[in-house]
2 protein chains.
Amino acid sequence: MHRRFDDELNALKEKLVRMGTTAQTMTHLAIRALVERDEKYCQDVFRHEETVNELNIVIDEAVLKLIALRQPVAGDLRFLVMSTKIGSELERIADQAVNICQNTHFLLQYPLLKPLIVTPLMADVVEGMVRDGLDSFVRRDAALARQVLETDDKVDAFKDQIFRELLTYMMSDPDTVHRALALILISRNLERIGDHATNIAEDVIYVVGGKDVRHHHEEKKRG
Amino acid sequence: MHRRFDDELNALKEKLVRMGTTAQTMTHLAIRALVERDEKYCQDVFRHEETVNELNIVIDEAVLKLIALRQPVAGDLRFLVMSTKIGSELERIADQAVNICQNTHFLLQYPLLKPLIVTPLMADVVEGMVRDGLDSFVRRDAALARQVLETDDKVDAFKDQIFRELLTYMMSDPDTVHRALALILISRNLERIGDHATNIAEDVIYVVGGKDVRHHHEEKKRG
């Protein structure tokens, strides 16, 4: 019976990893569509979104079933409840990739405003956060989760840099306003993906340590 | 023992309602600071945020304890797991109210760009969504939850209206760009509050009906 429960937990982890990898791939493809100015990558994003949505439901059902049947306590219970929260975060990362595609769809109808340098860098960083956040969950690695929290400062710096640069464009040439806005919104989509990865990392530290860091980080950010 | 479990569930509900009411009040105060051009209301927002963060932790702990001790199944288990998800949503609504205050802080340093008509209307609607979302959870009222999902279209319409109007300002006068951007970002903060209320409503329909509508709504929105 114990052996069987371990297998079930591993099967659940495997689903979360698949979901996370898919959400990360969606982010990558959405930014690729923007940078290469080719919407075909967004078709893949929409296709992957169905997988993510299905996995979200499957994971929630698996968690409820495992809690009801196995009646786990302490660490395992915490892990199971957090799995459903992490599933929700991954699903919202996928939503943001879809939103990037919607903003990209607008942008590709017009000439390129400026070469995109910082946006792909920012995307690389948030994709890394998603990957590390999920790795830290699977390996119960609180140190890696803390690294994800620290990376959030880098995301903020990218966001501010993009904002300032595009603001300059908008203020000097009204023709750039709409496109610059779409690029600012894409940077906010990426920021939100980073936020979701941060939420995952905070959950991991909670699961692993039984310690709640969730609001310490926010306070640090504000202060 | 059964009686006791009911009392415990009611105590948990009461905490969620307190958390939801606080998050809703924070949204209201943040918009009030913007409209009345008085930052003192944001001081209250920051104060309330601590309450919300504390309740989030308390609710998660209560849920884990109740599952471990009472080993609930079916509806009660679903209700408990969803309570932690709803706690996360409410905590993020509070975060958005804080973000509105940050954008308001910038705006209040400059003259009023334009009289704010649509933003407070949009805020009223999303506050109503938060209230109804939570009411539908407490009363297990799927019909009310469905109303919340439908209201989301109204939020989108407000968001588009605000965007179009401010775009006109930005394109005709570069001096308005930064302020208009801050107002657009506030409308996105409100949109996100509406999204969180929608997530709550979808969870309610799932808890009450055991039926997952979570991705049907998205597909409708996209289609």
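Report the label-to-label distance for A:Val118 and A:Ala143 in nanometres (one decimal), using points 7 Å from each Cα along the Cα→Cβ vector.
Each label point lies 7 Å from its Cα, and together they span 3.3 nm.
Output the direction-averaged projected area (hull surface divided by four) of the convex hull of the alpha-carbon atoms of region B:37-91, in nm².
With every direction weighted equally, the projected area is 4.2 nm².
Take the residue pairs B:Lys65/B:Lys85; A:Lys154/B:Lys159; B:Lys85/B:Lys154 and return only those whose Cα atoms are more than 18 Å apart.
A:Lys154/B:Lys159; B:Lys85/B:Lys154, as the Cα separations exceed 18 Å there.
Using Cα pairs closer than 8 Å and at least 6 residues apart in sequence, work out the relative contact order for region A:2-222, in percent. List each step's numbers first, then the result.
Working: 269 pairs, mean separation 54.3, N = 221.
Relative contact order comes out at 25 percent.
With springs only between Cα atoms under 10 Å apart, run a GNM on chain B and tell me which of B:Val52, B:Val177, B:Val207 wobbles the most.
Per the Cα network of chain B with a 10 Å cutoff, B:Val177 tops the list.
What do you get for the angle between helix B:74-107 and the principal long axis of chain B? Use alpha-carbon atoms, 0 to 90 degrees, nearest ten.
20
Shortest first and in nm with one decimal, please list how far the A:Ala68 label point sits from its counterparts in the other copies (point 7 Å along Cα→Cβ).
Computed spacing set for this position: 2.3 nm.
In deg cm²/dmol, rounded to 500, what helix-only [θ] at 222 nm does the protein assembly as shown give when every DSSP H run of at least 4 residues adds -39500 (n - 2.57) and the total is split over its residues?
Values: 14 runs with 386 residues, N = 446.
The per-residue figure over the protein assembly as shown is -31000 deg cm²/dmol.
Counting only Cα atoms, I'd like the Rg/Rh figure for region A:2-222, Kirkwood definition for Rh. Can you show the working numbers first?
Numbers: Rg = 18.8 Å, Rh = 18.2 Å.
Looking at region A:2-222, the ratio lands at 1.04.
So what J values fall out for region A:38-47 if you push phi through Karplus, 6.51 cos²θ - 1.76 cosθ + 1.60 with θ = phi - 60°, rounded to Hz, Gly and Pro as x?
With the stated coefficients, region A:38-47 comes to 9, 6, 4, 5, 6, 4, 5, 4, 5, 5 Hz.
What residue of chain B has the nearest C-beta to the axis that moves B onto A, and what is that distance in Å, given as a whole number?
With distances in whole Å, chain B gives B:Gln71, 2.
About the Cα centre of region A:2-222, how large is the charge dipole given +1 on each Lys and Arg Cβ and -1 on each Asp and Glu Cβ? Please answer in debye to the nearest 20. Could the numbers behind the result be given before it?
Numbers: 30 positive and 37 negative charges, 66 e Å.
The dipole of region A:2-222 has a size of about 320 debye.
Compare B:Ala62, B:Ala197, B:Ala30 in a GNM of chain B, Cα atoms joined below 10 Å, and give the one with the largest fluctuation.
The residue that fluctuates most here is B:Ala62.
Top mean-square fluctuation among A:Ile184, A:Ile100, A:Ile117, Gaussian network model of chain A, C-alpha springs under 10 Å?
A:Ile117
Along Cα-to-Cβ, 7 Å out, sits the label point; list in nm, shortest first, how far the one on B:Lys40 is from those in the other copies.
The answer, with the shortest distance listed first, is 6.2 nm.
Give the aspartates and glutamates whose C-alpha is closer than 20 Å to that of A:Lys114, dropping any in the same chain fewer than 8 places away, or say none.
Reachable aspartates and glutamates: A:Glu36, A:Asp38, A:Glu39, A:Asp124, A:Asp160, A:Glu165, A:Asp173, A:Asp175.
Put a point 7 Å out from Cα along the line to Cβ at B:Ala11; what are the distances to that point in the other copies, in nm, shortest first?
Output for B:Ala11: 3.6 nm, nearest copy listed first.
Once the Cα gyration tensor of region B:121-179 is found, what semi-axes does its equivalent ellipsoid get, as square roots of 5 times the eigenvalues, in whole Å, sorted largest first?
Working: eigenvalues 238, 21, 6 Å².
One finds semi-axes of 35, 10, 5 Å for region B:121-179.
Every read-out reported here was derived from the displayed coordinates using simple, explicitly stated rules and does not represent laboratory data. Predicted model, so just to flag it, every value in this text is computed and none were measured. A quick note on method: Cβ atoms are made from the backbone with ideal geometry, for glycine too, and the neighbour counts reach across all protein chains shown.
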